[in-house]
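The structure under discussion appears below in the form of structure tokens.
The values are calculated or read from the model by the stated rules, or taken from the named source; none is laboratory data. Not measured: the values here are computed from a predicted model. Methodologically, a virtual Cβ is constructed for each residue, glycine included, from the backbone with ideal geometry; neighbour enumeration extends over all protein chains shown.
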Amino acid sequence: MSRHRVKNVGYDDDDYEDDDGYGSPDPEEQETLQQCTAAVLEQLRAGEPSVTATKEEIQEALWHYYNDVEKSANYLRGKKEKEIKKQKAPTMQKAKGQAGLPVPGYPAPLPAISHFSAADFFRDCPWLNVPAHRKADILVEPLYPRIGLLGGAPEAGGKVSKLAALAAARKKKEGEKAAATPEAPSTPRPDSSAASSPKPPGTPLSLSERLAASKLSRPSDTNGSLRRLGKLEPSVSTPGRPEPAPGPSKPAPLPIPEPVKSEEDEPKDEPEPQQPTPNIRASPSTFASAIVGNAAGPTMAEPSHLNSNGVDLLQIYGQDHAEPFDFAAPSPDDVVLNAQNTAKGLKSKQAASKAASGQKGQADVAGGMKDLSVEEKVTVKSKNLDVLAEYNKSRRKKSANFVVIGHVDAGKSTLMGRLLADQGAIDQRTLDKYRKEAERIGKGSFALAWVLDQGSEERARGVTIDIATNKFETENTAFTIVDAPGHRDFVPNMIAGASQADFAVLVIDSSVGKFESGLKGQTKEHALLVRSMGVQKIIVAVNKMDTVQWDKERFEEIEQQISSFLTTAGFQAKNISFVPCSGVLGDNITRRSDDPQATWYTGRTLIEELETSEPYTHALDKPLRMTIGDVFRGGVQNPISISGRLDSGSLQMGDQILTLPSGETALIRSVDVDGEPSDWAVAGQNVVLNLANIDPVHLRSGDVICRASAPIKTITSFTAKVLAFEHLMPMQVDVHRGRLHVPGRISKLVASLDKASGTALKKRPKIVGPGTVARVVVEMDQAVPLEAPTRIVLRAGGATVAAGLLE
Amino acid sequence: MRLIKNKIEHDGSGTVTLCPEEPEDMWHAYNLIRPGDLLRASAIRRVTTVQDTGSTSSARVHLSLEIKVKSLDFDPHSSQLHVSGQIMNETAHTKVGQFHTLDLELNRNFTLEKKVGADGEGVGWDSIAVEMLKDAVDEGGKRRAEAVAVVMQEGLAHICFIGQFQTIMKQKVEMSVPRKRQGGGDHDKGMSKFFRVTLETLLRQMDFNTSITSGSNNEAVRPVLLASPGFVAAGFHKYIQSEASTTTPGLKRLLPSIVVVHSASGYLNSLSEVLQSPAVKTLLADTKYARETRLMDDFLDQLRKETNKATYGPREVESAVDQGAVGRGGGVLIMSNRLFRSQDVAERKRWVALVDRVRDVEGGEVRVLSSDHESGKRLEGLGGIAALLTFPVVEEELHSEDEAADAD
């Protein structure tokens, strides 16, 4: 039984065309059902008084009574009898009551189907929820022609007969299907044309109103017409069904706000005192008029509608140039509706309903307004792309990020400025402007560095403070430069930059004294940092060779010292390369030096060296992780934007994201990849995300973005295997991971480890010397989004004390 | 804190009457008062009386109550000390044994009595307590040097007050400053906004009156240390200067006391670096803080040299003392005063015994660092106790103890 129920529930949504089939695959059940249906029908007919019921009705009853034939029959009989009685009661009540009932249901769009069969008509059944009424509609229809003609007379006095005659004439014109058609138009005519009756003021007014206010949605008329037309078939199939016409009454209230109701009341009041029977007949016609009015009014906007309902409209105004409409074919409205339905699927319900009824539509609009004002939520429709598939499809250039590191004043920014200028990423005009401005403040040699040093403080002091990213393209690679500051105070920024890099360019000042001081300073620290952050490949640009007259010996000396250092730092010899160059002059950057003293160098230039980089793979299929690099106002349209590099996973426009540690969600309004708008982004790309639905206080640089389905954990303590650069003991340290920078302390030295094997050499050492690998426990005051495996850097007192892997 | 009356007997029992005068004295009181002590102070107690008719009336009455201390609650930010315990003296309104929480107030005397009892019962005025009392009682007010430090970095500032015995982090200013971007001027805007908020907060915390008229009373302005990596502190200094010369001339009084120093980061753990900078050293040379910081640095240096002449951790230090390594000629026992705050009497006795032994028997130096200072916090990380040794102690034998500690 339960199965049966389930199926029947589904049946409501089913296409009524496969009524008998129920769309259910269970033949046994169907057979039972058929038998029961037959039995019930027989009982109904045999019983006293004899009544009939449609198959659907019976089947529904059967379903309710679990296939109990007796009960179903009784129920149906009771219902039918009631209906018959009801019909005799004053129409007014009924009309009103029924008018009230369907209102909510009406706006429902009729999932229109090409021809107006009962099945189509029934499609709205789920809304109405009143199958009996619905039935009634169908069954009543056949009476219309008669009622209309008869009912019109008492209502509008003598003139009606004329109109009726006119209608009849037109009916003839229209041919075989005319049976139903004239009924509707005939009734309105008395209303509108009879100036003496109380209706004219009401009806024309409402009509004209409706006409003027084409706001009234069009589809409503579809309902009306459909309804009317739909009645044709059933009328034939079950003739003689005594029923008032609640059908027409229903459409009346729906699209028409106030005026129609009054109009509706008026006519009814009048007929009431007269014979009940005519009344019954009369009232539907009034309603029909209302429908017609409806149908006509809104149609205006759409020519197709006009065509379909033109007859009615024109008739209302007493003009008879209407073309007969072939009702056998689907109305243009229906065609449109059909198309919309199939296109929109379920949503069409909503959309169509909005359009269907002015009232409802207005209500919806009001509701929508309320939503807007209260919530202010921005919704962006996700394209639901398969990002990885899109990524694989897209034929992008090989891309690489590299970080430029080195001691302060080694010429990192200038070298990169030169590279960008020579690659055409910066136009000559801007460059000239920088040069002029730099000379004005007496820092002419810094002009190229200004390409990257955009900050006013940076320019005034001639020092890079924060990382700058810039990009340029060669024939087969798109490079992103991350220019890191060299000053020791800004190593945290450099760490942030290095965490975005695939490989590194180490810039070394070859001039006398500077190289040596650099080696002691940040040259070493930076190199160790990038290595411990997982950078494998390093290009050493021996800069300022012009100041040492391209001294080959100097170059070799530097090469020898640096390579031995880098090898001990853990770089493989094949991943280290050296290029002598001059950033200021541009020698050996993109073009070979034409300095005669530099002819000894025949190796690759810097740009050629850069191009040897292999493509890097990123964890595309891992859960989304992105460390926020910057939070800023992207512009008027994007009040909150964040930038950063996707560490893993992928995202797309419209995605919901979670930021930690704040735990707030946000919506990705749009995505920029490398400055170009994009629908999606994958790990390894530098992105700007424009967000919505989040307050900027919840976003800080260093926070991590992930998905709510796979959130990153926030922790207050972790164990890490680190390589000590300085002495480690229980001490206070700053924990760095990319932009993330939090204070913490080493609370415990768990063990010092063997470098190669990782086995514990000494448990709980008091102190860990430089160069030793140790396992330590780090505690932090605040919860921080970190997860293994990630590379962290521990700093204390302005120096990097350790770097390693979180376990 | 003023010492009103001192009646400490030779056996260590006795009473002391004190009058706290400034907020920091509450911190001293917090260290002096131990559970089990008797504390007499004025109190306001709500007394409810029930009439014969059954109606109740309650009234607030001023009482002088003596309680046996059960627990202490100290709020360092507002410098408030609440001591709760059982009432020991009978009054018209209270019965013996009822509980009461005394809120010690500034400029109201309180009397503290410590008794020497049987095992585990009250230790009286031991050497540490006497030492603390001496620290607490401000002789001639010469230790009043205080400074305000603003440790900052881009978008982050910690405003803290450095006192004799504690560093109080008053407020943290955190703001998201946009980074530099291609063609974006947001960074400068963000920074000046950040400076503005930080200055406002600083002045509010310092109770600094910026009106010109207030300049007449020549109240000394505490030194203000601005510390940051890079140029943030310098930028902030410049900002204050420009504010002083344009909108708020009252700030001019503040300018002379501002010192800009370097720190490695904007977090509080770089305060030690701030305090060591030459500019600050001259300002705060004889503050306890500076001495403590120097001591910790010496210790850590020694530890780094791996000479085995420095050790830390309770067991290791005790063992070193047993071997006589913390004695004359450079032996220094460094302890955090947190250890003496222990609720466990036996625990406290253990540490007091150790201190007494080092000082009196071994002839070494004992330094008790305030756990509320940055140096004390560094010491906490090492287990709250450390020692500089006169000769290297080989650690091998301690290893077994370590294992034992691990097993614990």
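A compact table of results
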quantity	calculated
Selected residue [buried (at least 20 other Cβ atoms within 10 Å of the Cβ), under 14 Å from A:R418 (Cα atoms) and at pLDDT 85 or above] from A:I481, A:I508, A:I495, A:I467	A:I481
A:S532 vs. criteria of a type in the set (G, A, S) and over 50 Å from the mean Cα position of the chain (by Cα)	no
Considering residues of region A:398-454 that are of a type in the set (K, R) and surrounded by fewer than 20 Cβ atoms within 10 Å (Cβ to Cβ) only, the residue nearest to the chain's Cα centre (by Cα)	A:K398
Which listed residue is within 13 Å of chain B (Cβ to nearest Cβ) and within 21 Å of A:D781 (Cβ to Cβ), from A:V722, A:V735, A:V704	A:V735
Extreme residue, surrounded by the fewest Cβ atoms within 10 Å (Cβ to Cβ), among residues of region A:59-72 that are free of Cβ contacts under 8 Å to residues at least 24 places away in the same chain and within 45 Å of the chain's Cα centre (by Cα)	A:H64
For B:L379: the one exception among (1) within 14 Å of chain A (Cβ to nearest Cβ); (2) outside any helix (DSSP H, G or I)	(2)
A:V777 vs. criteria more than 38 Å from the chain's Cα centre (by Cα), at pLDDT 90 or above, within 14 Å of chain B (Cβ to nearest Cβ) and surrounded by fewer than 20 Cβ atoms within 10 Å (Cβ to Cβ)	yes
One residue from B:A59, B:A92, B:A29 being among the hydrophobic types (A, V, I, L, M, F, W, C) and either in contact with a Cys (Cβ under 7 Å, 6 or more places away or on another chain) or surrounded by 15 or more Cβ atoms within 10 Å (Cβ to Cβ) (or both)	B:A29
Per-region count, region A:415-466, residues hydrophobic (A, V, I, L, M, F, W, C) and within 14 Å of another protein chain (Cβ to nearest Cβ)	11
Residue list for region A:467-494, restricted to those being out of contact with any strand residue (DSSP E or B) (no Cβ under 6 Å at 6 or more places or on another chain), within 11 Å of chain B (Cβ to nearest Cβ) and assigned to a helix (DSSP H, G or I)	A:R488, A:D489, A:F490, A:V491, A:N493
Single residue of A:Q500, A:Q536 found to be more than 14 Å from chain B (Cβ to nearest Cβ) and part of a loop (DSSP other than H, G, I, E, B)	A:Q536
One residue from A:N693, A:N686 being surrounded by fewer than 21 Cβ atoms within 10 Å (Cβ to Cβ), within 30 Å of B:H187 (Cβ to Cβ), away from every other protein chain (no Cβ under 11 Å) and not aliphatic (A, V, I, L, M)	A:N693
Filter result (closer than 24 Å to A:T716 by Cβ and under 13 Å from the mean Cα position of the chain (by Cα)) within region A:648-674	A:I657
Of all residues making up region B:229-258, the number that are small (G, A, S) and either buried (at least 17 other Cβ atoms within 10 Å of the Cβ) or within 14 Å of chain A (Cβ to nearest Cβ) (or both)	6
Near pairs, Cβ below 9 angstrom, 6+ apart or cross-chain, from region A:791-807 (within 12 Å of chain B (Cβ to nearest Cβ) and surrounded by fewer than 19 Cβ atoms within 10 Å (Cβ to Cβ)) to any residue that is among the aromatic types (F, W, Y) and not in a strand (DSSP E or B)	A:A799/A:F725
Any chance A:S445 is out of contact with any strand residue (DSSP E or B) (no Cβ under 8 Å at 6 or more places or on another chain), at negative phi, at pLDDT below 85 and not in a strand (DSSP E or B)	yes
Any chance A:G629 is assigned to a strand (DSSP E or B), outside the structural domain of A:A478 (by TED's automatic domain parsing) and more than 14 Å from A:D672 (Cα to Cα)	yes
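Yes/no per residue for (1) among the small types (G, A, S); (2) more than 10 Å from chain A (Cβ to nearest Cβ); (3) part of a helix (DSSP H, G or I):
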position	(1), (2), (3)
B:V260	no, yes, no
B:N269	no, no, yes
B:T282	no, yes, yes
B:T293	no, yes, yes
B:M296	no, yes, yes
B:E306	no, no, no
B:T311	no, no, no
B:A320	yes, yes, yes
B:Q343	no, yes, no
